[in-house]
Amino acid sequence: MNPPDPVLSSFDPARIIAEDARANAIPSPSPPASHPAFNEPLSLDDIASVKSYLKRTNHSNSTGIDLATYDLLIDIDNNLLLPLFQRAIEHQDIPSSWLTSTIIALAKPGKDSTKTSNYRAIALEIRHYPALSEWLSRGVSHQ
């Protein structure tokens, strides 16, 4: 990780090193999860269920950092998504690009766009990660 430039007074490189050491101390693979939903293989029905949820809820169809939309993700064949998501779960690892966000500022409608207080920040992320997170959260809440 690159330190901010200029370095903020609150930036603590020793804390970063300590957190990294803690993360590296986690056994790999970690023991079975205490919640049964996390020990079950992902199924085509699980993917279909998340896609159904995305279709019926009012998710924004703005593009993510990868320029993909939820509609594009929904159109991907479940047989292609299953091994991608299952591998992420089995290996307890996801592509680092799934964790990358681009933060942009949007002017609030009807407000003076010359004032920074009239902007709101949003994060654009890759659509695969929120979909996988939705499946994980559904597994926990539906058990």
Would you be able to tell me the number of residues in segment 103-137 that are in a helix (DSSP H, G or I) and under 30 Å from ASP45 (Cα atoms)?
10
Given (1) closer than 30 Å to ALA23 by Cβ; (2) surrounded by 11 or more Cβ atoms within 10 Å (Cβ to Cβ), LYS55 misses just (1)
Please list, ordered by first then second residue, the pairs with beta carbon atoms under 6 Å, 6 or more apart or interchain, first in segment 67-81 and touching a residue at least 12 places away in the same chain (Cβ under 8 Å), second buried (at least 16 other Cβ atoms within 10 Å of the Cβ) and part of a loop (DSSP other than H, G, I, E, B).
ALA68/ARG127; TYR70/HIS59; TYR70/ARG127; LEU73/ARG127
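Values quoted throughout were computed directly from the atomic coordinates according to the rules given, and no laboratory measurement underlies them. What you see is a predicted model, and the numbers here were worked out from it, not measured in a lab. With ideal geometry, Cβ positions are generated from the backbone for all residues, glycine too; neighbour counts draw on all protein chains shown.
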